[in-house]
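Here is the structure we will look at.
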Amino acid sequence: MKTASKLAVLTVLVLLLAEAHISVAVTCSAIQLSPCLGAITSNSPPSSLCCRKIREQKPCLCQYLNNPNLRNYVNSPGAKKVARTCGVPYPKC
């Protein structure tokens, strides 16, 4: 195989792998935020796991705010404090 052909195949492969990585979607699951429960309901600081989970679930926060069963939990002063501490801007939905 010529060098140019190898380079073209490698380029296509890299682009396909990059596209596969980009297309991975977040699965919205409020249970993923359970590591944050203690920090939300008390004055304890959020754990690194909590912050990682809230960053992962950031695209889902508006969905949670629009859910009547989750709204009070996500909209609480404790949840806002945890988001701020973890560096996640509170969503404007």
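The values are calculated or read from the model by the stated rules, or taken from the named source; none is laboratory data. Since this is a predicted model, take the numbers as computed values, not measurements. Heads up, the Cβs are rebuilt from the backbone with ideal geometry, glycines too, and the neighbour counts pull from every protein chain shown. Quick note on the areas: whole protein, heavy atoms, side chains included, nothing else; ligands and nucleic acids left out. Shrake-Rupley method; radii C 1.70, N 1.55, O 1.52, S 1.80 Å.
Figures for the structure shown
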{"item": "Residues of the stretch 82-93 that turn out to be part of a helix (DSSP H, G or I) and in contact (Cβ under 8 Å) with a residue 24 or more places away in the chain, as a count", "result": "3"}
{"item": "Condition broken by Tyr73, with the remaining ones in (1) surrounded by 15 or more Cβ atoms within 10 Å (Cβ to Cβ); (2) on the phi > 0 side of the Ramachandran plot satisfied", "result": "(2)"}
{"item": "Residues that are open to solvent by less than 80 Å² (accessible area, probe 1.4 Å) and over 20 Å from Thr27 (Cβ atoms), drawn from the stretch 37-70", "result": "Gly38, Ala39, Ile40, Ser42, Ser44, Pro46, Ser47"}
{"item": "All positions within the stretch 41-67 that are part of a helix (DSSP H, G or I) and either aliphatic (A, V, I, L, M) or without any contact (Cβ under 8 Å) to a residue 24 or more places away in the chain (or both)", "result": "Ser48, Leu49, Arg52, Lys53, Ile54, Leu61, Leu65"}
